[in-house]
Amino acid sequence: MRNGMLDRYRFGDILPFALGVLLVLLPAIARADRGVEITPFAGYATGGGFEDNTTGARLNTADSGSFGVILGLRDTYETQYELFYSFQRTELQGSGMFGGVPLPDMDIHYLHIGGTYLFPGEKVRPFLSGGLGPALFVPDATGPNSKAEFSLSLGGGVKIPISNHVGLRLEGRGFLTILPANTEIFCVSSGGAACAVRVQGDAFGQVQLLAGLYFGF
């Protein structure tokens, strides 16, 4: 989303936006009387990297912790609509300098709309999950150099009830972000010669392992 509004978001902007979406949806969900589920979670994100189209050099994102929240709306006994948000603070790993620019740390945000399919079960309910929406890459550098691109996710896990309204959710989810041709990432000045890395038709993949308590209403 070149030169778009999302390109200017920092961590302080995207988190209130995601929470705002949740708050806007909650009244309508409550009126629907279909069952609401909120799952704050913590996790561990691994994988992901960028390859410079000019030099062929590789930059990888360091494995690190993540956290977020999932808002679910029950559709049937087996299916549930979901709004998924996660945040990871990581750093780029490669040579100390890249194209004459110091490598920045980076925040990665996912905001996906999707759902789950739950298999029958009494004590444990396995499920499949998926979603799509923007992935936002926010380098720790000066200037409006964030990037928002289309991404999708697929995963699966189990839900383990603890009581009628509380349970444990364990999940593994893979993310794939499509980077369009001529994408410039981590530019000190947009479109200038000080871009840390340029990619062309690349893809950014990650896996997150998540654990959280869900609260049903």
Name the residues in segment 33-70 that are surrounded by 20 or more Cβ atoms within 10 Å (Cβ to Cβ) and touching a helix residue (DSSP H, G or I) at 6+ places or on another chain (Cβ under 9 Å), would you? G68
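Out of everything in segment 37-52 that is assigned to a strand (DSSP E or B) and modelled with pLDDT under 90, what residue ends up being farthest from G167 (Cα to Cα)?
It comes out as E51.
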Note on segment 53-93: residues assigned to a loop (DSSP other than H, G, I, E, B), closer than 24 Å to S146 by Cβ and out of contact with any Asp or Glu (no Cβ under 8 Å at 6 or more places or on another chain) are T54, T55, D63
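For every residue, the table says whether it meets (1) loosely packed, with under 13 Cβ neighbours inside 10 Å; (2) under 13 Å from T177 (Cβ atoms); (3) modelled with pLDDT of 95 or more.
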position	(1), (2), (3)
L92	no, no, no
G99	no, no, no
D105	no, no, no
L118	no, no, yes
S129	no, no, yes
P134	no, yes, no
V138	no, no, no
K147	no, yes, no
S153	no, yes, yes
Residue pairs qualifying under the 6 Å Cβ cut-off, at least six apart or on distinct chains, with the first in segment 118-129 being within 12 Å of L170 (Cα to Cα) and the second being of a type in the set (S, T, N, Q), are F127/T116; S129/T116
Which of (1) modelled with pLDDT of 95 or more; (2) over 17 Å from the mean Cα position of the chain (by Cα) is the odd one out, the single condition T142 does not satisfy? (1)
Can you tell me how many residues in segment 155-204 are among the aromatic types (F, W, Y) and modelled with pLDDT of 65 or more? 2
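The values are calculated or read from the model by the stated rules, or taken from the named source; none is laboratory data. Note that the coordinates shown come from a computational prediction; the quantities given were computed from them, not determined experimentally. Heads up, the Cβs are rebuilt from the backbone with ideal geometry, glycines too, and the neighbour counts pull from every protein chain shown.
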